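Following: one structure in structure tokens, then a few remarks.
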Amino acid sequence: MKILLLGSGGREHALAWKLAQSPLCTSLHIAPGNPGTARCGTNVDLSPLDFEGIRRHCTAAGIGMVVVGPEEPLVKGIVDFFLADPALRGIPVIGPSAAGAQLEGSKAFSKKFMDRHGIPTAAYREFNHTDFAAGIAYLQQHSLPVVLKADGLAAGKGVVICQNHVEAVAEFELMVQGNKFGEAGNKVVVEEFLTGIELSVFVLVDGDHFLVLPEAKDYKRIFEGDKGPNTGGMGAVSPVPFAAGDFMDKVTSRIIVPTVRGLRAEKIDYKGFLFIGVIKVGDDPFVIEYNCRMGDPETEVVMPRLKNDLVELFLAVAGQRLNDCRIDADPRTACTIVAVSGGYPGSYEKGFPITGLDLPVPADSLVFQAGTLEEKGSIVTNGGRVLCVTSFAETVYEAVDKSRDLLERIQYEGIFYRRDIGYEFL
Ligand code: AMP
């Protein structure tokens, strides 16, 4: 089967690497991809948001399955676009419909969904410009810290945690009246702050059944010790030591089961990845957020740990046969460390040549490319998060050590990475 994968980051390199291993995948196209995905298949110069272009490519190339990496095409309705076209309807698209993607596309929708289905999450209220004054009054009496979330997609930047009321009111004004996040911030969710440790739970959903994939923990802050501004993610580990037994049973019974049942009860078409950001408060799990796709960099540890044939799993998603499958995960620990451009997540320069990418990689390590570009035969930096190195070992300590060792041999001007990924578990 010919498969088209949409996206161009480290997540897509990891998905491409995994898909290309399947005997069911005769040819893999990645749109637009990066120099890393080009090692797994053929890059196609198409934007994941160019639905017409994707339609033409699928027809011309005889694509039999589409896998969607990032959230934006899903929120913008790529699944609905395929279902509405008689020539495309038969091609399974791995990802939810626009209605299902609202779990990520609208914080207000996801909070109401959780309310309707009794799924544990932080207490909240929702405000917009019509009840602006009520929003200010609500904020002024709210316990601290207080969490403000822009309703729509804001490239991971739409959440602000405020330590005092003056800051909270100013932030609220910036979002609702100052257009800080554009349309995404016209509506704001004001939420109680939860204290606990977070983990990312990944579920494959076929509309009726689900399978829980290996979980992961990601590290969002730029500096060691979880200091400094938030980034897209500086590293990840899987498995997560505290995500065991009783706690994961609670995640399944209190969160995953009611979410999948709720989607079905509301007749929301959801066939794809569901990523649940969970926080452990005491011994109990609460939902921090839903995403309608895999996480990045979590994919770079989850896919290497997954022993199943991914195409087989996707065919079971499309055929609503996930109840016939079981997840088989590598018991070892995987750790990934992300190397970023100097200055990221603030402004940074691009175009620096990367050396060391062609050196031999040990059998238990993998290099995934993200913000890279091929220019005149060499690979140069082309984004904030440039590449990541995943390694396997029996312990977090050894896995991190192996990734660090390999990263020392990869160089570009301004390279920066955290050396303490997984520090709580060492
Ligand atoms: P989100 O985009 O909703 O995942 O939020 C980004 C980050 O903000 C999360 O990963 C948490 O670290 C933090 N966060 C969001 N909501 C809360 C909350 N209610 N309590 C504590 N931290 C939160």
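Highest mean first, the peptides 147-153, 264-270 sorted by other C-beta atoms within 10 Å per residue fall in the order 147-153, 264-270. How much FRET efficiency would the formula 1/(1 + (r/R0)^6) give for Ala60 and Thr252, where r is the Cβ-Cβ distance and R0 is 60 Å, rounded to 0.05? That gives a FRET efficiency of 0.90. Ranked by the mean number of other Cβ atoms within 10 Å of their residues, highest first, the peptides 370-382, 225-237 fall in the order 225-237, 370-382. All other residues whose Cβ lies under 9 angstrom from that of Asn34 are scored, Lys and Arg at +1 and Asp and Glu at -1, for a net of -2. Residue-wise, which Karplus ³J(HN,Hα) couplings in Hz belong to the stretch 322-339, taking 6.51 cos²θ - 1.76 cosθ + 1.60, θ = phi - 60°, and x for glycine or proline? So the J values, rounded to whole Hz, are 4, 5, 8, 10, 10, 8, 10, 10, 5, x, 6, 8, 10, 10, 10, 10, 9, 9.
Based on C-alpha pairs under 8 angstrom that are at least 6 apart in sequence, the chain has a relative contact order of 16 percent.
Residues in the chain average 40 Å² of solvent-accessible surface per residue, probe 1.4 Å, ligands and nucleic acids excluded.
Counting protein heavy atoms only, the chain has 51 percent of its accessible area on carbon and sulfur, 1.4 angstrom probe. Compared with the direct C-alpha span, the chain from Ile136 to Glu375 gains 80.9 nm at full extension, assuming 0.36 nm per residue. Extending 7 Å from Cα along the Cβ direction at Ala363 and again at Ala84 yields two label points whose distance is 5.2 nm. With 26 Å as the limit on Cα-Cα distance, the pairs of Lys111/Lys267; Lys217/Lys402; Lys2/Lys220; Lys76/Lys217; Lys112/Lys280 that go past it are Lys2/Lys220; Lys76/Lys217. Could you tally the net charge around Ile63, taking each other residue with its Cβ under 11 Å from the Cβ of Ile63, Lys/Arg +1 and Asp/Glu -1? Value of the local net charge: +3.
Multiplying each eigenvalue of the alpha-carbon gyration tensor of the chain by 5 and taking the square root yields semi-axes of 32, 27, 22 Å, largest first, rounded to whole angstroms. Given Cα pairs under 8 Å that are at least 6 residues apart, what percent is the relative contact order of the stretch 266-412? Result for the stretch 266-412 is 21 percent. Computed from label points 7 Å out along Cα-Cβ, the spacing between Glu192 and His129 is 3.2 nm. Distance from the Cα centroid of the stretch 328-350 to that of the stretch 377-426 is 6 Å (rounded to whole angstrom).
Computed about its Cα centre, the charge dipole of the stretch 237-309 is approximately 260 debye, with only Lys, Arg, Asp and Glu carrying charge at their Cβ.
Provide the net charge surrounding Val311, with neighbours chosen by a C-beta distance below 12 Å and charges set as Lys +1, Arg +1, Asp -1, Glu -1. Around Val311, the charge tally is 0.
Summarising the label geometry, the points placed 7 Å from Cα in the beta-carbon direction at Lys267 and Asn323 lie 2.2 nm from one another.
State whether the stretch 140-212 is rounded, prolate or oblate according to the following rule on the C-alpha gyration tensor (a ≥ b ≥ c being the square roots of its eigenvalues): a/c under 1.5 gives rounded; otherwise a/b larger than b/c gives prolate, and the remaining case gives oblate. Oblate, because a/c is 1.5 or more while a/b does not exceed b/c.
When you count the other C-beta atoms within 10 angstrom of each residue and take the mean per peptide, 186-192, 246-252 line up highest first as 186-192, 246-252.
The values are calculated or read from the model by the stated rules, or taken from the named source; none is laboratory data. As the structure is a computational prediction, the values presented were derived from the model and not from experiment. Note that each Cβ is placed from the backbone with ideal geometry, even for glycine, and that neighbours are counted across all protein chains shown. Each accessible area value is taken on the protein alone, full model and side chains, heavy atoms only, with ligands, DNA and RNA left out. Shrake-Rupley method; radii C 1.70, N 1.55, O 1.52, S 1.80 Å.
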